[in-house]
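The values are calculated or read from the model by the stated rules, or taken from the named source; none is laboratory data. A quick note: this is a predicted structure, and the numbers were derived from the prediction, not measured. Backbone-built Cβ (ideal geometry, glycine too); neighbour counts: all protein chains shown. Just so you know, the surface numbers come from the protein's heavy atoms only, side chains and all, with ligands and any DNA or RNA stripped out. Shrake-Rupley method; radii C 1.70, N 1.55, O 1.52, S 1.80 Å.
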Amino acid sequence: MKWTGRFEGYSMQSFRKDCVSGFIVAVIALPLGMAFAIASGVKPEYGIYTTIVAGILISLFGGSRFQIGGPTGAFIPILFAIVMQYGYENLLIAGLMAGILLVIMGVLRLGALIQYIPRPVTVGFTAGIAVIIFSGQIVHFLGLRDIQKHEDFLSNMKEIVLHLSTLNIYSITTACICFALILLTPRIFPKVPGSLIGLVISTLVAVLLFEENVATIGSTFGAFPGTLPSFHFPEITLERIQTLLNPALVIALLGAVESLLSAVVADGMSNQRHNSNRELIGQGIANIITPLFGGIPATGAIARTATNIRSGAASPLSGVIHGFIVLLILVLFAPYASHIPLASMAPILMLVAWNMSERREFLRILKTKTSDSIVLLITFLLTVFTDLTLAVEVGLVLAILLFVKRMSGSLIIAKALPDPDSKHQKVMPHMVSAVHDCPQISIFTVEGPLFFGDASLLEKSILSKAASSSGILLLRMGGVPFLDTTGEASLASIVRHFHSQGKTVLFSGLRDQPKALLKRTGLYERIGAKNDFAHTGEAIDSALTRLNHAKCLGCQHFVFRECSALSDQGNIRQTAAAQNRELPADS
């Protein structure tokens, strides 16, 4: 039986793969769903409802083949603040409004705009969210009592310090058992989810030995229901819409960023390409319907999506299966969930925070000691000590201002002839010779500042235009006066892609600023000094020597030009030398 579209070529073998991966992801998603809900200030079952409903709908309607949706850690600070300020019922309305906004964004084809958020801003607020999640679990890890929750970080830390005398040795023991099992299980049984083993065994220990000495889901939130709640449409008024518009917008924007980042990760792991606008529409549909069943806002989950791919998923059906398996577990084992200690949930969320912190990327950007480092630090500190909305706004504005300052006076004007066949495209394929073709080498000329606005275009163009038979990729960088960390990340992705296929990447004409940045981030070392040439001719000679080829008359030559002076009219021009089908010498 054959399916069309995303199910093209589907078979029983594909179905078995989807069942296996769906089951594995469901086992991982179950404890995470409860933990994220508790950390967001709502009952744990609401996280399960979100995992089921949103997980199924995102897989059905989203634009990524292997995306797994559900509650995520990134939403925790936002949802907690909304619950504290407006209450659970209004959280549902805000989530529904966010879903509508996401659908509108997808219909208006705004998915590509997410790429314009600079890397230091996303890393900064992600690391800040990780700190908030980790610190928020200290209370449950230590078993502290009489804690009053606050919206701001400093007040919550003050509460912990003031109540350290109430720490519970039984809670600490339970949390340590769970934490140890989470770390040890993957080493002993690589395919078994450590979070589930830690949760189950630590719960059994607490039930058998500690009895009523630790706080549990049942003692804190009441009995755990074993079914989905009935369909309920919240009461929506004009006053509520006006009040919740800003929280809904924040949920929608963060959900869009998280889901598209997850889709990009999935693309890299599966060699597929997602549809960003369809992904936003799918996320929107899920967030419109999920609140009607009591669920909290959802988005694409990077870790669960990666697990889905590694487990052999063949189609979006794996995400649907994962949702139904969670529903089955809810029906069969709900009575036992009430005995789960809150101390057992804390290590799970702490590990999630540690994994999502992007600590290596954070340190890498800091080492560059550029304006990106300033944007990163300010976004991070504002996320922790104020709120995410302010952090992103300030981070974006600061990144733009610093970029304008750096770019002032750096415009390069060159004589150019319009290509009659360009149709205003920024990336034009151009053959050196129309008669001869050398598929062993692909040559790309990069001209203009390579920054967060155009970095993704470079990566997309090279990966799609480079000949599949090419063993060597040559990037001519003499026309790149400036490179930021987002552009560096794009180059790193290109290098990683070609190296993973056993291919060689050569650079020629690297200027001082780009080369210095590549050295500070470590990418230059991965490329290798032997693969960096001052001139294109030297690089081509080296490439031909490596290929043991006498001459190559028809290497592919692509021109990537960003001309700020002409961009408003859409006239992206190639050099006269390129028109004459020659390789110009590097300046």
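What does the charge count near ILE147 come to, summing +1 for each Lys or Arg and -1 for each Asp or Glu among other residues with Cβ under 15 Å from its Cβ? Don't skip to the end; give the middle numbers.
Numbers: positive: ARG145, LYS149, LYS158; negative: ASP146, GLU151, ASP152, GLU159.
After counting each charged neighbour, the total is -1.
So what is log10(I(q)/I(0)) for region 236-368 at q = 0.16, 0.19, 0.22 1/Å, when the Debye sum runs over its Cα atoms only?
Log10 of I(q)/I(0), two decimals: -1.16, -1.39, -1.45.
Specify the angular offset, from 0 to 90 degrees and rounded to the nearest 10, of the alpha carbon long axis of helix 512-521 from the longest principal axis of the alpha carbons in the chain.
30 degrees
Working out 0.36 nm times the residue gap between ALA223 and LEU113, then minus their Cα-Cα distance, what length gain in nm do you get to one decimal? Before the final figure, lay out the partial values.
Working: separation 110, 0.36 × 110 = 39.60 nm, distance 4.43 nm.
Length gained, ALA223 through LEU113: 35.2 nm.
At 0.36 nm per residue, minus the direct Cα-Cα distance, what do PHE231 and ARG526 gain on full extension? Give it in nm, one decimal, please.
Working: separation 295, 0.36 × 295 = 106.20 nm, distance 5.48 nm.
Here the segment from PHE231 to ARG526 would lengthen by 100.7 nm.
Before I look further, what does region 257-339 give for accessible area per residue, probe 1.4 Å, in whole square angstrom?
Details: 2970 Å² over 83 residues.
For region 257-339, the per-residue accessible area is 36 Å².
Across region 185-191, in residue order, what do the Karplus-derived ³J(HN,Hα) couplings come to in whole Hz, using 6.51 cos²θ - 1.76 cosθ + 1.60 with θ = phi - 60° and x for Gly and Pro?
Couplings: 4, x, 6, 8, 10, x, 8 Hz.
Hey, what do the phi angles of region 361-366 turn into as Karplus ³J(HN,Hα) couplings, whole Hz, using 6.51/-1.76/1.60 and θ = phi - 60°, x for Gly and Pro?
Once θ is set to phi - 60°, the couplings for region 361-366 become 5, 4, 5, 5, 5, 4 Hz.
Ignoring ligands, DNA and RNA, what percent of the 1.4 Å accessible area of the chain is carbon and sulfur? Please list the in-between numbers first.
On the way: 16560 of 26350 Å².
For the chain, the apolar C and S fraction of the accessible surface comes to 63 percent.
As I understand it, the dipole of the chain uses +1 on the Cβ of Lys and Arg and -1 on the Cβ of Asp and Glu, about the Cα centre. Which of ASN277, LEU463, PHE482 lies farthest toward its positive end?
Going by the Cα projections, it comes out as LEU463.
Under 8 Å for C-alpha pairs, at least 6 residues apart: give me the relative contact order for the chain, rounded to a whole percent.
Numbers: 1096 pairs, mean separation 126.4, N = 587.
Rounded, it is 22 percent for the chain.
Pick out, from PHE36, GLN440, ILE348, the residue whose Cα sits farthest towards the positive end of the charge dipole of the chain, with +1 on the Cβ of Lys and Arg and -1 on the Cβ of Asp and Glu.
Projecting each Cα onto the dipole axis, the largest value belongs to GLN440.
Using the Kirkwood radius over C-alpha pairs as Rh, can you work out the diffusion coefficient of region 296-374 via Stokes-Einstein at 20 °C, viscosity 1.002 mPa s, in µm² per second? Mind showing how you got there, number by number?
Working: Rh = 16.3 Å.
The estimated diffusion coefficient comes to 131 µm²/s.
For MET269, MET350, give me the order by solvent-accessible area with a 1.4 Å probe, most accessible first, ignoring ligands, DNA and RNA.
On the way: MET269 75, MET350 20 Å².
Putting MET269, MET350 in descending order of accessible area: MET269, MET350.
Would you mind computing the Rg to Rh ratio of region 121-217 from its alpha-carbon coordinates, Kirkwood style for Rh? Present the calculation step by step, with values, prior to reporting the outcome.
Values: Rg = 15.6 Å, Rh = 15.0 Å.
Dividing the radius of gyration by the Kirkwood radius yields 1.04.
Provide the per residue accessible area, probe 1.4 Å, for region 83-155, rounded to a whole number of square angstrom. Don't skip to the answer; put the middle values down first.
Values: 3130 Å² over 73 residues.
It amounts to 43 Å² per residue over region 83-155.
Helix 88-107 versus the longest principal axis of the chain: what angle, 0 to 90°, nearest 10, using Cα atoms?
On a 0 to 90 degree scale, this one is about 20.
Which of GLY87, TYR116, THR545 sits closest to the plus end of the dipole of the chain, meaning its Cα is farthest towards the positive end, when Lys and Arg get +1 and Asp and Glu get -1 on the C-beta?
THR545
Apply the Kirkwood formula to region 223-285: the hydrodynamic radius equals the inverse of the mean of 1/r over all pairs of different alpha-carbon atoms; give it in Å with one decimal. Please list the in-between numbers first.
On the way: mean 1/r = 0.0679 Å⁻¹.
In region 223-285 this quantity evaluates to 14.7 Å.
Quick one: work out the % antiparallel among DSSP beta bridges in the chain, nearest 5.
On the way: 10 of 32 bridges.
Around 30 percent of the beta bridges assigned by DSSP in the chain are antiparallel ones.
Please determine, in degrees from 0 to 90 and to the nearest 10, the orientation of helix 455-465 with respect to the longest principal axis defined by the Cα atoms of the chain, where the helix direction is its Cα long axis.
70 degrees
Quickly estimate the mean residue ellipticity at 222 nm for the chain, helices only: each DSSP H run with n ≥ 4 gives -39500 (n - 2.57), and the total goes over all residues, rounded to 500. Spell out each step's value before the answer.
On the way: 25 runs with 346 residues, N = 587.
Calculated at 222 nm, the ellipticity per residue is -19000 deg cm²/dmol.
With each label point set 7 Å from Cα along the Cα-Cβ vector, what nm distance links LEU249 and PHE189?
4.9 nm
In Å, what Rg and Dmax follow from the Cα atoms of region 24-93?
Taking only Cα atoms of region 24-93, I get Rg and Dmax of 12.4, 37 Å.
When the dipole is taken about the Cα centre of the chain, and only Lys, Arg (+1) and Asp, Glu (-1) are charged at their Cβ, what size is it in debye, to the nearest 20?
Working: 44 positive and 37 negative charges, 309 e Å.
That gives a dipole near 1480 debye.
With r defined as the distance between the Cβ atoms of LEU60 and LYS503 and R0 fixed at 41 Å, what FRET efficiency is calculated, to the nearest 0.05? Don't jump to the answer; show the numbers that get you there.
On the way: r = 37 Å, r/R0 = 0.91.
Calculated value: 0.65.
Any idea what diffusion coefficient the chain gets from Stokes-Einstein, in µm²/s, Kirkwood Rh on alpha carbon pairs, 4 °C, 1.567 mPa s?
The diffusion coefficient I find is 50 µm²/s.
If you stretched the chain out fully between ARG310 and GLN513, how much longer would it get, using 0.36 nm times the residue separation minus the C-alpha to C-alpha distance?
Residue separation times 0.36 nm, minus the Cα-Cα distance, leaves 69.3 nm.
Rounded to two decimals, what is Rg over Rh for region 164-209 when you use alpha-carbon atoms and the Kirkwood radius? Before the final figure, lay out each step's value.
Working: Rg = 11.8 Å, Rh = 11.0 Å.
With Rh from the inverse mean 1/r over Cα pairs, Rg/Rh is 1.07.
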